[in-house]
Amino acid sequence: MISYLLFIGTLTAIYALLSLGLVASWGQAGMVNLGLVGFFGLGAYCSTLLTLLGLPIGLAWVAGGLLSAVMGIAFCLLTRTLRGDYLAIVTLGFGEGLRLVELNERWLTGGSDGISGIPAPFKAAAGELFPWLYFAIAWGIVLLAAWGLNRVLGSPFGRALRAVRDDENVAAVAGKSVLLLKCQAFGMGAALFGLAGALYAHFTSYISPDNFVVQLTIYIFLAVTLGGYSRLVGAILGAVAVMSILESSRFAAEFVPGLNAVQIASLREFAIAVALIIIMQVRPQGIFGLKNEKARAPAQPDTAPASVVSSHVK
Amino acid sequence: MAEAQLAISDLAIHFGGVRALDGASFDIRPGITTGLIGPNGAGKTTLFNCISGLIPGASGQVRFEGRDISRARPEAISRAGLVRSFQLARGCENLTVFEHLMLYGPRQQGENLLKAFIGGRAVREQEEKLRDEALDMAGRLRLTHVLDNLVTRLSGGQKKLLEIGRVLLAKPKMILLDEPMAGVNPTLVQEIADHLEVIRRSGIAIVLIEHEMELIDRLCDEVIVMAAGKFLARGSFSDIQSNRDVQESYLGLRRQ
């Protein structure tokens with residue numbers, strides 16, 4: 001039971017990392033990435049192939065994240081003259097397209113057989129403690145990512161991003177470099193998706209195109225929506241909640257008599273769909289609502305209209 | 001006559017078959033308030049959109065303080081000191097009044113991703129200074145009590161005040177104001193007009209789109225009349241009033 005819980009706990013960390021990435025690009029900058037599973041897969045295959053070539057695992061993780069970021073920024077630039085919807089469409093196509101590449105380029109990816117025997121860090125040294133170690137590494141990375149994102153999103157950079165999310169024209173007139181901000185936000189998100197993919201590959205030691213299907217994108221959107229779409233803490237909590245729904249539906253199936261294996265598998269998707277509908281009905285803004293900067297203004301009533309220009313202008 | 005601060009020559013753009021701007025040309029002198037009037041559909045707002053770079057693709061040339069900004073991106077134009085307001089008082093629906101004011105602060109170091117991550121004194125001090133300016137501005141515009149409200153919760157008049165406040169926080173040299181007093185109660189109209197007079201006295205040039213002729217008379221040093229996407233006439237308000245072309249195209253219509 002412990003090893004099962006550790007497995008689920010580590011997987012939750014990977015979902016949380018994906019959710020954090022989605023908060024950065026969607027929740028904060030308003031850019032929909034419907035192909036996040038593609039970036040997840042890209043990071044997984046990149047890191048796997050590099051370690052099999054002999055690169056140290058740590059560096060391979062970084063490479064997986066970087067390659068995803070580069071790909072994400074490229075899509076941003078590619079669709080820069082188009083409406084936001086097109087970025088969503090392009091990424092959706094990327095997610096599916098990459099899966100087909102994984103399936104068909106057998107010389108590189110092993111096709112539908114996938115790649116097995118992916119090395120994990122300190123597996124021999126840690127022995128039986130390995131699941132604990134990996135659990136700690138994964139959650140450590142999640143906390144590190146959340147800390148870093150919290151820092152940049154709480155700064156003027158984050159404020160400018162949220163302005164771009166709400167109204168690009170207003171942000172531009174305020175003097176913000178809209179395209180640069182969008183590329184940075186989308187790149188950060190994609191980097192986290194890629195890193196999550198790398199973590200996943202070395203954790204399960206086996207990847208195949210079946211691991212990178214569109215359902216995962218939907219789970220992560222659900223997690224972020226559940227948590228409050230622009231909130232980091234919400235993303236982590238949402239990931240925990242989604243994983244709980246997914247896994248508990250496994251046990252719930254035992255209490256429903258007369259289900260065959262296929263029906264039990266479908267129960268998972270059904271539970272997720274029901275959860276999404278309930279959230280949208282009960283609390284459309286998610287568990288955590290918007291977070292706005294407080295003015296901390298002195299509590300004095302506004303006086304009569306004063307001169308609008310003081311020494312600070314000119 | 002001093003050299004023009006904003007020089008527009010032969011600006012033209014069409015949307016489908018509609019020539020929204022049809023070769024508009026005129027200069028605006030530094031530091032004065034210029035009224036831009038003309039009937040609805042004359043191309044006044046389109047002119048602002050083209051000057052501020054929000055609608056790219058116009059032919060002709062726009063020069064601001066000697067620099068060609070015809071093809072510059074909107075953020076570059078704002079940074080050069082030419083900042084516009086929006087007619088419908090647009091805002092970011094999920095941001096508060098305070099955040100809007102802070103947003104317009106120019107050259108914020110903390111907008112650089114790396115500096116935002118590293119933080120440090122320079123970023124913090126700039127942020128504190130900007131915050132003081134924002135609070136100060138809110139006080140002057142009597143928006144202090146709504147600072148933490150989302151802009152969607154503001155009244156129409158408060159939105160107009162915020163529009164002026166945030167434009168000023170960008171430390172502009174010239175501001176383009178698109179009907180800053182439209183749809184506002186008479187008391188507040190006078191209040192906003194007072195603000196505009198102070199802005200002018202501080203040396204910031206204003207280009208003002210306005211339909212209320214009394215306000216144009218009170219606030220503007222010079223009036224430019226547009227009709228059907230073209231420059232029609234310019235002069236003092238009394239010159240314009242006695243101009244026959246203008247009477248026919250705009251003022252005359254109002255007397256009926």
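A compact table of results
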| read-out | value |
| --- | --- |
| Alpha-carbon Rg with Dmax, taken over region A:2-213, Å | 17.7, 58 |
| Rounded to 5, the percent of DSSP beta bridges in chain B classed as antiparallel | 55 |
| Where GluC sites (Glu not before Pro) fall in DSSP loop in region A:34-120, at most 12 other Cβ within 10 Å | A:Glu105 |
| Peptides A:25-32, A:57-64, B:52-59 ordered by average Cβ neighbours within 10 Å, highest first | A:25-32, A:57-64, B:52-59 |
| Cα-centre dipole for the protein assembly as shown with unit charges at Cβ (Lys and Arg positive, Asp and Glu negative), debye to 20 | 580 |
| Per-residue ³J(HN,Hα) for region B:212-218, Karplus 6.51 cos²θ - 1.76 cosθ + 1.60, θ = phi - 60°, Hz, x for Gly and Pro | 7, 5, 4, 5, 4, 4, 6 |
| Amide H contacts of B:Lys230 (H built 1.01 Å from N, under 5 Å, at least 5 apart or other chain) | B:Asp22 |
| Rg ratio (alpha-carbon, reference 2.2 N^0.38 Å) - the protein assembly as shown | 1.16 |
| 0 to 90° range, to nearest 10: angle between helix A:156-166 axis and chain A longest Cα axis | 90 |
| ³J(HN,Hα) computed for each position of region A:13-27 - Karplus, 6.51 cos²θ - 1.76 cosθ + 1.60, integer Hz, glycine/proline x | 4, 5, 5, 5, 5, 4, 5, 4, x, 6, 5, 4, 8, 8, x |
| Average other protein chain Cβ within 10 Å of Cβ, residues B:139-152 | 4 |
| Computed [θ] at 222 nm, deg cm²/dmol, the protein assembly as shown (DSSP H ≥ 4; -39,500 (n - 2.57); rounded to nearest 500) | -17500 deg cm²/dmol |
| Qualifying trypsin sites (Lys or Arg not before Pro) in region B:57-107, DSSP loop, other Cβ atoms within 10 Å at most 14 | B:Arg71, B:Arg107 |
| Between helix A:232-255 and chain A: long-axis angle, C-alpha atoms, 0 to 90°, nearest 10 | 40 |
| Gyration tensor (alpha-carbon) shape descriptor, chain B, a/c threshold 1.5 | prolate |
| Approximate spin-label separation B:Ser59-B:Asp10, in nm, with each point projected 7 Å along Cα-to-Cβ | 0.9 |
| Region B:15-122: chymotrypsin sites (Phe, Trp or Tyr not before Pro) falling in loop per DSSP and having at most 15 other Cβ within 10 Å | none |
| Ranking of B:His145, B:His100, B:His195 by count of other Cβ atoms within 10 Å, fewest first | B:His145, B:His195, B:His100 |
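Computed from the coordinates by the stated procedures, all read-outs in this text should not be read as laboratory data. What you see is a predicted model, and the numbers here were worked out from it, not measured in a lab. Methodologically, a virtual Cβ is constructed for each residue, glycine included, from the backbone with ideal geometry; neighbour enumeration extends over all protein chains shown.
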